[in-house]
Amino acid sequence: MTRRFYKRATANGVAVLLDTRALKTPKGHAFAAPTHALAQAIAAEWEAQGEHIVVTSMPLTQLAFAAIDGGGDARTECIAYVLKFAETDLCCHRAGRPAELVARQAALWDPLVAWGAQTLGAALPVVTGVIPAPAPPEALSALRAHTEALDDFRLTALAHAAGLTGSALIAFALVEGRLDAEAAFAAAVLDNLWSLERWGEDVAARAKLERLKEELDAVARFVRLLSG
């Protein structure tokens, strides 16, 4: 664990200064945010550090570092990572019973599937169970085009959201503003919450959900700050 080696962290335009030294990424790139608002928020994360620097307590910094240090092969891998969720998208794999769970899944996930088809041009098949549901080539092509059109910062946010939720549709909806963090969380953990309601509270399971909520909140905030 690295000791704090600076007294103040401040934003200087789109850069972040640790005292008078410019912040750099783990790969040695000069840090530059797309907006002053994001630079300010990241400077605040560094300013809030205590005696030791705890990188895991700085989600905005981690996302920004990943975006800046990515590119090239890393960007290609990031796009492929998002697209693989189209084959097993959480929103497309439904329960066959009980009726209450089936209805709850339809209420939260049907609008996202429809939005994906209408807005993204990606009509993903809905199936019962966990069997693979191959996405039509035209749907994958549409999702690829939308993914490739994103800048490195939004692509990083998209990939992180897809990994957290198990859904390309939820991730796109969050990045594109179709869902806020609370709604994205509700869609992503629908089955988990159902289990807790049915079988009773579980401390470890609830803690895991709270960590997921915090991470989705950070991704949503990161995306908002990209707009200034």
Options GLN62, GLN49; residue that is polar (S, T, N, Q), crowded, with 16+ Cβ neighbours inside 10 Å and more than 17 Å from LEU158 (Cβ to Cβ): GLN49
Subset of the range 127-166 [outside any helix (DSSP H, G or I) and in contact with a Phe, Trp or Tyr (Cβ under 8 Å, 6 or more places away or on another chain)]: GLY166
Flag if ARG198 is under 30 Å from LEU38 (Cα atoms), out of contact with any Ser or Thr (no Cβ under 9 Å at 6 or more places or on another chain), assigned to a helix (DSSP H, G or I) and open to solvent by 60 Å² or more (accessible area, probe 1.4 Å): no
Check on ARG97, charged (D, E, K, R), touching a helix residue (DSSP H, G or I) at 6+ places or on another chain (Cβ under 7 Å) and open to solvent by 70 Å² or more (accessible area, probe 1.4 Å): no
Residues (surrounded by fewer than 22 Cβ atoms within 10 Å (Cβ to Cβ), in contact (Cβ under 8 Å) with a residue 24 or more places away in the chain and farther than 17 Å from THR76 by Cβ) located in the range 141-176: LEU164, GLY166, GLU176
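For the range 1-16, which residues satisfy the criterion of being assigned to a strand (DSSP E or B) and open to solvent by 40 Å² or more (accessible area, probe 1.4 Å)?
Step one: list which residues in the range 1-16 are assigned to a strand (DSSP E or B), which gives 2-3, 9-12, 15-16.
Across the range 1-16, the qualifying residues are THR2, ARG3, THR10, ASN12.
The values are calculated or read from the model by the stated rules, or taken from the named source; none is laboratory data. Since we're looking at a predicted model, the values are computed, not measured. Quick reminder, even Gly has a Cβ in these numbers, built from the backbone with ideal geometry, and neighbours come from all protein chains shown. Protein only, heavy atoms only, side chains kept; ligands, DNA and RNA dropped before computing areas. Shrake-Rupley method; radii C 1.70, N 1.55, O 1.52, S 1.80 Å.
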